[in-house]
Amino acid sequence: MKLTALTTVTAVLLGGTAFAQEQITVNIGSSHPEQNIWVYAMKNTFQPEVNRILGETGEYEVNWVESYAGTLYKFTDTREAVMDGIVDVGMVGTVWEGANMPLQNVTYFTPFATEDHRMIIEIFDDLSENLPELKNSWSENGMVHLSSLITDSYDIYATFPVNSMDDLQNRKLNAPGTSANWLRETGATPVDGALTTYYTNIQTGVTEGTLSFASGILPTRVYEVAPELTRVGIGSMYFGGIAANEAVFNSLPEQVQQAMREAAQATSITHGDYVADLAARAMDEMQAAGLTVHQLPDAEKERWVTGLPNIVEPWLEQTGEAGETVLKAYFEALRERGATPLRDWDEGL
């Protein structure tokens, strides 16, 4: 276990009364750098908000030991890093955990549902806490879900424009994890990867572009090697979460646990705002640097959506009744909030 607790006798005065302050060391980390949208939320909201909340009483203080930017583990190992206690709190990319955490990947099997990333945060903060199938999935992997991490809407960043679906024939595109399904029957070949690998993949000709989102492309400068953006509107996705090692979290004083949960709620809000601001700024900066923006015609987008096979069916076969419950709950939550998915992936359930 990585967590340690040290009682200090530094002078902490509250209302004229001196308290002994217990210092708790928490190891926090990620596979991505601090400027990444998910890590930014951890570093700039979650940590300081925990500190602020605990500072109101002065009984506990967290000593954060940071291991960001892949110093301890890479993007393929985010689940194991938190589950095994390499870090106590970390960014977990469930997008790369199709075998171990398939339920969390429901958005990646149901593209073209919504481009509203704030809506996705709200839905999955709720479902991860209140839908037993999702909450238990985190626990079964030795973790506690704290805050939802999302993407803004996916589009195509490439060395070529996409004016029709025919332009995708025989092209190689980075499509991380389960997003490879979005290229089924399009003629394009998906190649796995992450924001940390796209630039080199495209620069060296391993791929000719990627399915990705503006807030991730800007800080990684992928637009330098993929200067043609085709707006498709595949949708915003639930990427994963900020999670705590369950054993460590349960060993924390209740006051610290509550501070983390409250900080996680604030992090979700700030995360949504930051992604919106960064996505807008990204478009301005990337176009100023030479990015050319195209819009896939509506008829071609409809051709893409209707041409996809029933990509959610294998996921439902894999996840069984739990998957049906999650899919129905997700689409009910979308429609309750006014979203109109371009394809009713829950039809027939």
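Tabulated data
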quantity	calculated
At R0 = 22 Å, FRET efficiency that the Cβ-Cβ distance of residue 59 and residue 265 yields, to 0.05	0.55
Under 5 Å, built H, 5+ apart or other chain: amide partners of residue 149	239, 240, 241, 242
Label-point gap, in nm, between residue 221 and residue 126 - each point 7 angstrom along Cα→Cβ	4.2 nm
Rough spin-label spacing in nm, given labels placed 7 Å along Cα→Cβ, for residue 159 and residue 231	2.6 nm
Whole-Hz couplings from phi, Karplus 6.51/-1.76/1.60, listed for the stretch 248-255; x for Gly and Pro	5, 4, 5, 7, 6, x, 4, 5
Pairwise label distance in nanometres, residue 44 with residue 115, each label 7 Å out on the Cα-Cβ vector	2.4 nm
Under Karplus coefficients 6.51, -1.76 and 1.60, residue-wise ³J(HN,Hα) of the stretch 307-314 in Hz, glycine/proline x	x, 5, x, 6, 5, 7, 4, x
At R0 = 35 Å, FRET efficiency that the Cβ-Cβ distance of residue 166 and residue 99 yields, to 0.05	0.55
Amide proton proximity set for residue 32, modelled H, under 5 Å, gap of 5+	69, 70
Phi to ³J(HN,Hα) by Karplus 6.51 cos²θ - 1.76 cosθ + 1.60 over the stretch 261-270, Hz, x for Gly, Pro	5, 5, 5, 5, 5, 5, 5, 4, 5, 5
DSSP loop GluC sites (Glu not before Pro) with at most 10 other Cβ within 10 Å excluded, longest remaining stretch of the chain	57-346
Euclidean distance of C-alpha centroids, the stretch 88-160 and the stretch 284-349, integer Å	14 Å
Length gained when the stretch residue 295-residue 336 is fully extended (0.36 nm per residue, less Cα-Cα span)	11.9 nm
Segment residue 139-residue 310, length gained on full extension (0.36 nm per residue, minus Cα span)	58.6 nm
Inter-centroid distance (Cα atoms) of the stretch 198-214 relative to the stretch 20-72, Å	32 Å
Extension gain from residue 196 to residue 302, taking 0.36 nm per residue of separation minus the Cα-Cα distance	35.0 nm
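Readers should treat all values here as calculations from the given coordinates under stated rules, not as data from a laboratory. Everything numeric in this text was worked out from a predicted model, so none of it was measured. For neighbour counting, all protein chains shown are included, and Cβ atoms are generated from backbone atoms with ideal geometry for every residue, glycine included.
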